[in-house]
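Undergrad: First, the structure itself, so that you have it in front of you.
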Amino acid sequence: MDEQQYTLSPSERTITADKVYVCIGGKPNTNFLKAESSRAILDERGYVKVNSFLQVEGHSNWFALGDITSLSDYRLGLLAVDQGVLVASQIRTLHGGDATKLKAWKKHNGIEMIAVSLGRNNGAMAVWGWGFSGWLPTWLKSRDLLVGMTRKNMGLSAA
């Protein structure tokens, strides 16, 4: 493949890569993988089959993460961020030449919960099947729309 320049928004940072895929949405956007040559990496539901190291089955130097994977884990953005950190580490490890030091993804065993922002002053959440709104989901998710936490996780100031 030919390397190309890609500009990331909103930072306007430029990266060089063979290919960049935007993978967001309510269901796995894997139509581009349904060609005969790559069909084997998809399960019957259209998710990308990965091993415990987030490597695409049959391809030791391909990785997949987030909602597109066949993992039996919660489909949460926070987990995708953690998987991204792990994949970056895996790539560095492989680049160093020692595949025996790859780390396995640990399935999330925490609280079954989802919180949704309904603007800056309201939110809703479900915990173990019970749904509610009010001060708690607003405090958890809506006060800064998780911008502060995301900036902190990226090593940036919270401002």
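The values are calculated or read from the model by the stated rules, or taken from the named source; none is laboratory data. Owing to the predicted nature of the structure, the values given are computational and were not obtained by experimental measurement. FYI the Cβ positions are ideal-geometry reconstructions off the backbone, even for glycines, and counts take in every protein chain you see. Surface areas here come from the heavy atoms of the whole protein model, side chains and all, with no ligands, DNA or RNA. Shrake-Rupley method; radii C 1.70, N 1.55, O 1.52, S 1.80 Å.
Undergrad: Most fluctuating residue of A99, A80, A64 in a GNM of the chain with Cα springs under 10 Å: which is it?
TA: In this elastic network of the chain, the residue with the biggest mean-square fluctuation among A99, A80, A64 is A99.
Undergrad: Structure shown: which of K49/K141; K19/K103; K49/K101; K106/K152; K106/K141; K34/K152 lie over 29 Å apart, alpha-carbon to alpha-carbon? Kindly include the intermediate steps, with their values, before the conclusion.
TA: Working: K49/K141 31 Å; K19/K103 25 Å; K49/K101 21 Å; K106/K152 23 Å; K106/K141 25 Å; K34/K152 37 Å.
Over 29 Å Cα-Cα: K49/K141; K34/K152.
Undergrad: Run the numbers for L8 and V127: contour at 0.36 nm per residue of separation, minus the present Cα-Cα distance, in nm. If you can, show how the numbers build up before the last one.
TA: Values: separation 119, 0.36 × 119 = 42.84 nm, distance 3.49 nm.
Taking 0.36 nm per residue and subtracting the Cα distance, the gain is 39.4 nm.
Undergrad: Any idea of the accessible area per residue across the chain, 1.4 Å probe, to the nearest Å²?
TA: Solvent-accessible surface per residue comes out at 72 Å².
Undergrad: Could you check how much of the accessible area of the chain is carbon and sulfur, as a whole percent, using a 1.4 Å probe?
TA: After summing per-atom areas, the C and S share lands at 57 percent.
Undergrad: Here's something else I'd like to know. For n ≥ 4 DSSP H runs only, could you compute -39500 (n - 2.57) per run for the chain, divide by its residues and tell me the 222 nm figure to the nearest 500?
TA: Helix-only estimate at 222 nm: -5000 deg cm²/dmol.
Undergrad: Just one of (i) 9, 28, 36, 21, 6, 0; (ii) 9, 18, 12, 8, 7, 7, 7, 6, 6, 5, 5, 4, 4, 2, 0; (iii) 10, 37, 37, 15, 1, 0 is P(r) over Cα pairs in 10 Å bins from 0, in percent calculated from these coordinates, so which is it?
TA: (i)
Undergrad: Right, next: Which angle from 0 to 90°, rounded to the nearest 10, does the C-alpha axis of helix 77-95 make with the longest principal axis of the chain?
TA: Between the helix axis and the principal axis of the chain, the angle is about 30 degrees.
Undergrad: Next question, about the same structure. What net charge is computed for the residues neighbouring N121, neighbours being all others with C-beta under 15 Å from the C-beta of N121, Lys and Arg scored +1, Asp and Glu -1?
TA: +2
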